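Read the structure below first, then the notes.
The values are calculated or read from the model by the stated rules, or taken from the named source; none is laboratory data. Here the structure is a predicted model, which means the values were calculated and not measured. Note that we place each Cβ from the backbone using ideal geometry, even for glycine, and neighbour counts take in every protein chain shown. Heavy atoms of the whole protein, side chains included, go into the accessibility calculation; ligands, DNA and RNA do not. Shrake-Rupley method; radii C 1.70, N 1.55, O 1.52, S 1.80 Å.
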Amino acid sequence: MKLAMIGFGQAGGKIVDKFLEYDERSGSGIVRSAVAVNTAKADLMGLERIPEDQRVLIGQSRVKGHGVGADNELGAEVAEEDIDEVQGAIDNIPVHEVDAFLIIAGMGGGTGSGGAPVLAKHLKRIYTEPVYGLGVLPGSDEGGIYTLNAARSFQTFVREVDNLLVFDNDAWRKAGESVEGGYEEINDEIVKRFGILFGAGEVGEGDEVAESVVDSSEIINTLSGGGVSTVGYAREEVETQDDGGLLSRFTGGEDDGIDTAHTTNRITSLVRKAALGRLTLPCEIEGTERALLVMSGPPQHLNRKGIERGRKWLEEQTGSMEVRGGDYPVPASNFVASVILLSGVNDVPRIKELQQVAIEAQDNIEEIREESEDNLESLVEDDEDELEPLF
């Protein structure tokens, strides 16, 4: 799948940078074009792979390149005002060569959480290609203002995109790790999961062709009903081929049946681990509207029977009649991996909790503001009888 990726805000820009690194390393060619948008000049300068002429600084007249200070209302206003500057960078994207737009943003800050929904609305008005969002939720320990930002942004972003893929930092942060190390690891997880998903079906000359091809249309159809999506991932190391061993067994030796049974069982086991393990957004998978299963790895370790069994199991667990599945052969890989896209999930305790905490935070902020005004009044009114103000 060929994507035009737009990183909005600090987290969004860093993740797009990581996707470009993943493309270089794996040769998957997912990112057809990359753009970074920010209100903070320093964040744009810190990027390594996004071309400099595709880095857009917005809000200069309002915030002078210093960011919006976690104020996502200001982030949205600035994005509205400077949308033409963002469009200038998008004009350089060969849109006829992309399958979809993907806007990536952290939802707890100011620039990305405010600006990403504005950009999604703008792109949907102009282009016929699908516009997806990839939103990263802040950890619950990051504070009330970030939770409030995320809840408001989520509510708006999900309405403006064709589908919102979500990654929840809360489910991935480890105790005791540094902030920088933690985010680095989280960004690696995001790129690994979505990289395999979006890379499926891309076949170059001389590449192995999948038995059951998953191409961009399968992904688009899975995401097409809108709503919220989450991705599961599981992998297992496999032996690499050596002389006189594995390959001969897979191509008709005496143990062929045993090995086929083994690969089938491995696939069904990995499908279960991916669906029931740690999802990018933890949720109950029952009631999922649509799903897509992609098995990736050396071609001799993938088989149609295993994938069909895995797909059938996923149908039973989700209750969905729209479960697609296929394989993505990677001959040089040492792993067999299962990636599952669950789209239209609705039983998501984390979102309910986020909204509840955000409502409390909003009430607290209002209360503190009112108290602050009363306190200031009581501080100065004692002297009002004796002192005259200047004007």
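Hey, which of these cross-link pairs are over 25 Å Cα-Cα: LYS14/LYS41; LYS18/LYS41; LYS124/LYS352? In this structure, LYS124/LYS352 lie more than 25 Å apart at Cα. Computed from label points 7 Å out along Cα-Cβ, the spacing between LYS41 and ASP53 is 2.2 nm. Net length available on complete extension from ASN92 to GLU286 is 65.6 nm, with 0.36 nm assigned per residue and the Cα-Cα distance removed. Note on ASN346 and ASN364: their simple-model spin labels are 3.2 nm apart, each label 7 Å out from Cα toward Cβ.
Under the classification rounded if a/c is under 1.5, otherwise prolate if a/b is larger than b/c and oblate if not, where does region 63-168 fall, given a ≥ b ≥ c as square roots of the Cα gyration tensor eigenvalues? Write out the running numbers ahead of the final one.
Details: a/c = 2.32, a/b = 1.42, b/c = 1.63.
The shape class here is oblate.
What do you get for trypsin sites (Lys or Arg not before Pro) in region 44-131 restricted to DSSP loop and a cutoff of at most 12 other Cβ within 10 Å of the site's Cβ? Can you show the working numbers first?
On the way: sites: ARG49, ARG55, ARG62, LYS64, LYS121, LYS124, ARG125; in loops: ARG49, LYS64.
Listed in order of number, the matching sites are LYS64.
Think of the chain as a dipole: +1 on every Lys or Arg Cβ, -1 on every Asp or Glu Cβ, centred on the Cα centre; then among ILE307, ALA4, THR230, ILE307 lies furthest on the positive end. Axis of helix 144-160 versus longest Cα principal axis of the chain: the two differ by about 60°, to the nearest ten degrees. Axis of helix 256-276 versus longest Cα principal axis of the chain: the two differ by about 10°, to the nearest ten degrees.
Quick note on region 328-368: its Rg to Rh ratio, both from C-alpha atoms and Rh being the Kirkwood radius, is 1.42.
Using 0.36 nm per residue, how much length does the chain from GLU73 to GLN60 gain when fully extended, once their Cα-Cα distance is taken away? Walk me through the numbers on the way to the answer.
Values: separation 13, 0.36 × 13 = 4.68 nm, distance 1.60 nm.
So the extension gain works out to 3.1 nm.
Other residues lying with their Cβ under 11 Å from the Cβ of GLY109 contribute a combined charge of -3, Lys and Arg counting +1, Asp and Glu -1.
Once you mark the GluC sites (Glu not before Pro) that are in a DSSP loop and have at most 11 other Cβ atoms within 10 Å, what is the longest gap between them in the chain? Working shown, then result.
Numbers: sites that count: GLU48, GLU205, GLU239, GLU254, GLU384, GLU386.
Counting at most 11 other Cβ atoms within 10 Å as exposed, the longest clean stretch of the chain is 49-204.
The share of accessible area on region 1-124 that comes from carbon and sulfur is 45 percent, using a 1.4 angstrom probe.
Restricting to Cα pairs below 8 Å that are 6+ residues apart, what does the relative contact order work out to for region 1-94? Please round to a whole percent.
Taking the mean separation of contacting Cα pairs over the length of region 1-94, I get 26 percent.
For the chain, dividing the convex hull volume of the Cα atoms by the residue count gives 160 Å³ per residue.
Could you give the length gained by full extension between ILE126 and ASP188, i.e. 0.36 nm per residue of separation minus their alpha carbon distance, to one decimal place?
Numbers: separation 62, 0.36 × 62 = 22.32 nm, distance 3.22 nm.
Here the answer is 19.1 nm.
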